[in-house]
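K.L.:
Have a look at this one before I ask anything.
Every read-out reported here was derived from the displayed coordinates using simple, explicitly stated rules and does not represent laboratory data. Only a predicted model underlies this, so the values are computations on that prediction, with no experimental measurement involved. Ideal geometry is used to build each Cβ from the backbone, glycine not excepted, and the neighbour counts take in all protein chains shown.
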């Protein structure tokens, strides 16, 4: 395609692209809202803002609060008797993964940074069979109210994070975090001067 032809086509299509962007974003959000509602067991309140279609796998045992802000790439998986409970005013950034074989509970006002992972189950490993066929061991995860989970954090099975705690980017949380504590690192440990 010659430069002139390309220039003319771009000029002709630009108004169409602008119109599509103006009308398309609300339509994409409505579609994402409808898809999420069709994929989970509970309602999706009209106050929930969904920036992209969430991927929901498993049983769909998910309850959502009001005034959520859900970015693209959200992955929610519930297996066996597992459930995911998300409180009001929660923000879940791009690429967050939440997997529950028992329960993952996220308190009101919590913010979860990009590509964080919360998984309440681990593969069993006994050496007698392939890991993928050995089943899982699960222990619930609980995030309190107004918790801030940084980008790339991993929260492992059985962890409770208290109200108002902060987990620094890329930390791996292997044990409970006290309310108001600020933790970071691998494994996550309280920073000097913080609670916990």
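K.L.:
In degrees from 0 to 90, rounded to the nearest 10, what is the angle of the helix 3-39 Cα long axis to the longest principal axis of the chain?
P.N.:
40 degrees
K.L.:
Estimate the FRET efficiency between residue 126 and residue 45 by the formula 1/(1 + (r/R0)^6), using the beta-carbon distance for r and 45 Å for R0, to the nearest 0.05.
P.N.:
Calculated value: 0.55.
K.L.:
Using the basic label-point model (7 angstrom from Cα toward the beta carbon), what is the residue 114 to residue 29 distance in nanometres?
P.N.:
In this crude label model, residue 114 to residue 29 measures out at 2.1 nm.
K.L.:
For region 137-196, how big is the tail of P(r) above 20 Å, as a whole percent of Cα pairs?
P.N.:
Here the tail beyond 20 Å accounts for 11 percent of pairs.
K.L.:
Along the Cα-to-Cβ line of residue 13, 7 Å from the Cα, sits a label point; which residues in region 42-60 have backbone N less than 19 Å from it?
P.N.:
Counting backbone N atoms under 19 Å from the label point, the list is empty.
K.L.:
Ignoring everything except DSSP H segments at least 4 long, calculate the 222 nm mean residue ellipticity for the chain; use -39,500 (n - 2.57) per segment, divide by total residues, nearest 500.
P.N.:
Calculated mean residue ellipticity at 222 nm is -7000 deg cm²/dmol.
K.L.:
Here is a follow-up. For the chain, take the alpha-carbon Rg, divide it by the Kirkwood Rh, and send me Rg/Rh.
P.N.:
1.11
K.L.:
Still on this model: At 7 Å along Cα-to-Cβ for each site, give me the label-to-label distance between residue 186 and residue 134 in nm.
P.N.:
2.1 nm
K.L.:
How big, on average over all directions, is the shadow cast by the Cα convex hull of region 97-196, in nm²?
P.N.:
Numbers: hull surface 24.8 nm².
Mean shadow area of the hull around the Cα atoms is 6.2 nm².
K.L.:
Now a separate question. Using only the Cα atoms of region 36-90, what are the Rg and Dmax in Å?
P.N.:
10.4, 30
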